[in-house]
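Structure, as structure tokens:
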Amino acid sequence: MDWFTSYFLSGKNFEQLAQKCVPHYSTLISKAVGILSQESVERIQRVFQEGKLKEVVEEIQEALQNSENAPLNVAVIGQSGSGKSSFINALLGLGHEEEGSAHVGVVPTTMKKTPYQHPKYPSVTFWDLPGTGTPNSLPDPYLEIVGDDDYDFFIIISSSRFSSNDALLAQKIKEKGKNFYFVRTMVDVELHSEEKSKHISFKKERVLQQIRDDYLAILSNIGVSNPCVFLVSNFHPDKFDFPKLQETLLQDLPAHKRYTFVLQLSNLSVAFIEVKRVILKEKIWLNALKSAALAIIPFMAFFSGFDLPKQEKCLNLYRSYFGLDEQSVKEIAQKLGTSVQEIKSSTKSLDFWLFVKNDSIAAKAMKCAESFCSVNGGLRSSVFQFLKVYFLRLKFINTVADDVKMLLHKTLESGSLRE
């Protein structure tokens, strides 16, 4: 007898009861298609329509774990001195001297293929590959790089002009059916040089467009069709094409790997915060559906419901996703030149008990209604738990996202004043 069956009451057919919930929930599962593979969505819909409660919970749980733990491997390659290591550190959100950062130096520091795991999301790995044209290059870079099927996409970097070697590498990658992107680093240095030499006629946007057009022409001439070129500064990842590059990578990834990629995005702009908010909202449907499936069984909501300890854990998790964990808050306070306590007093999501406290008569009445529904189980209990989990998680996500946006604006204003 499994753990579901132990809650069955004599004379009750819970598969028939679950069938009554299908019209209310099955179409909602498709809302998670942005972070799940189509196969996962179809499996969850099928077992839900069959009314198999145990399989519903197991499939949803497996889908959630797969979306969180999907491995993401990014290959970064280019000639020595092109800024590969600095670029990886910018993606990781690490300073050059922080633990776990890619080694940066004035001489070639990448002697062999080196993995760098994301400090918060270990399933995300950036691979620093030895650049071509140096004694430490791979013996056969095209075979070594393209022959590895574990890479999800390739970023080809240059700090000057892309070469025929880059074009050949892109062709080999294309033959393997993988995506590749050309990144021109140190664009801030070139802009500074241009402004210094042509102070009167200098216009930043015009110069950037000229650089982009030149590289597109160069790549087309050496045999790369429809190239994607992004102009970035490794020391200013919030400027130039860095945000656009990350948005493009997100769009091109398979659905089940988008969630992993989104989590590691830094809060460079309001747009990135909104992308995280949207992706996390898609996952809410799955969490709510799992709770709804369990709540069909009498008393189950008492044992597996979304109680206060689980709510606090959930809020802390969202804070971590958005970069509002304890360590991040300390770093933000340091950047703003203020205290952690001042940061906490200006936000709503950093004090859980103050955030969820509600002594109103309506709240107490809802608690009584929840207990009554949970005792009886069935459709009412299922709908109640679905709505509770969905709207509480939605409130958590929106509040944390709004707090992060407010702190981002303060950080940007502080930076502008210092400049």
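Which ones in the range 48-63 are under 15 Å from Ile296 (Cα atoms), part of a helix (DSSP H, G or I) and either touching an Asp or Glu at 6+ places or on another chain (Cβ under 6 Å) or not basic (Lys, Arg) (or both)? Show your work before the answer.
Our first condition is that a residue be under 15 Å from Ile296 (Cα atoms); within the range 48-63, this holds for 48-57.
Those still in the list that are part of a helix (DSSP H, G or I) too: 48-49, 53-57.
Phe48, Gln49, Leu53, Glu55, Val56, Val57, listed by residue number.
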Given (1) closer than 30 Å to Lys54 by Cβ; (2) crowded, with 18+ Cβ neighbours inside 10 Å, index of the condition Pro309 fails: (2)
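Please find, among Leu280, Leu268, Leu263, the residue that is at pLDDT below 80 and within 23 Å of Leu407 (Cβ to Cβ).
After applying the criteria, what remains is Leu268.
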Any hit, the range 313-329, residues being in contact with an Asp or Glu (Cβ under 9 Å, 6 or more places away or on another chain) and open to solvent by less than 10 Å² (accessible area, probe 1.4 Å): yes
Number of positions in the range 61-84 that are open to solvent by 10 Å² or more (accessible area, probe 1.4 Å) and hydroxyl-bearing (Ser, Thr, Tyr): 1
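Give me the residue from the range 207-255 that is farther than 24 Å from Lys178 by Cα and without any contact (Cβ under 8 Å) to a residue 24 or more places away in the chain and, out of that set, surrounded by the most Cβ atoms within 10 Å (Cβ to Cβ).
In the first step, residues of the range 207-255 are kept if they are farther than 24 Å from Lys178 by Cα; the result is 207-211, 213-214, 233-240.
If we keep only those that are without any contact (Cβ under 8 Å) to a residue 24 or more places away in the chain as well, we get 207, 209-210, 213-214.
Numbers: Val207: 17, Gln209: 12, Gln210: 12, Asp213: 11, Asp214: 13.
Among those residues, the one meeting the criterion is Val207.
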Residues within the range 224-264 that are within 15 Å of the chain's Cα centre (by Cα) and either over 22 Å from Ser82 (Cβ atoms) or part of a loop (DSSP other than H, G, I, E, B) (or both), tallied: 16
Qualifying positions in the range 165-181 - in contact (Cβ under 8 Å) with a residue 12 or more places away in the chain, within 19 Å of Pro254 (Cβ to Cβ) and not polar (S, T, N, Q): Ile173, Lys176, Lys178, Phe180, Tyr181
Any hit, the range 353-364, residues being buried (at least 17 other Cβ atoms within 10 Å of the Cβ) and touching a Phe, Trp or Tyr at 6+ places or on another chain (Cβ under 9 Å): yes
Output for the range 382-401, where each listed residue is surrounded by fewer than 23 Cβ atoms within 10 Å (Cβ to Cβ) and either under 12 Å from Leu350 (Cα atoms) or outside the structural domain of Gln311 (by the TED database) (or both): Thr399
Residue in the range 338-346 that is β-branched (Val, Ile, Thr) and open to solvent by 70 Å² or more (accessible area, probe 1.4 Å) present: no
Residue within the range 162-171 that is in the same structural domain as Ile88 (by the TED database), open to solvent by less than 20 Å² (accessible area, probe 1.4 Å) and over 30 Å from Pro71 (Cβ atoms) present: no
Boolean, Phe355 is in the same structural domain as Phe303 (by the TED database), of a type in the set (Phe, Trp, Tyr) and farther than 25 Å from Lys281 by Cβ: no
Count - residues of the range 172-206 that are surrounded by 17 or more Cβ atoms within 10 Å (Cβ to Cβ) and either part of a helix (DSSP H, G or I) or touching a Lys or Arg at 6+ places or on another chain (Cβ under 9 Å) (or both): 9
Identity of the residue in the range 283-304, within 24 Å of Lys405 (Cβ to Cβ) and at pLDDT below 85, that ends up least open to solvent (accessible area, probe 1.4 Å): Lys283
Among residues of the range 148-171, those that are small (Gly, Ala, Ser) and in a helix (DSSP H, G or I), counted: 3
Residue under evaluation Phe372, criteria (1) open to solvent by less than 50 Å² (accessible area, probe 1.4 Å); (2) more than 25 Å from Leu92 (Cα to Cα); (3) of a type in the set (A, V, I, L, M, F, W, C), criterion not met: (1)
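The values are calculated or read from the model by the stated rules, or taken from the named source; none is laboratory data. Every value quoted in this text rests on a predicted model; they were computed, and no experiment measured them. Glycine also receives a Cβ, built like all others from the backbone with ideal geometry; neighbour counts cover every protein chain displayed. Side chains are part of the model used for accessible areas, which takes the heavy atoms of the whole protein and leaves out ligands, DNA and RNA. Shrake-Rupley method; radii C 1.70, N 1.55, O 1.52, S 1.80 Å.
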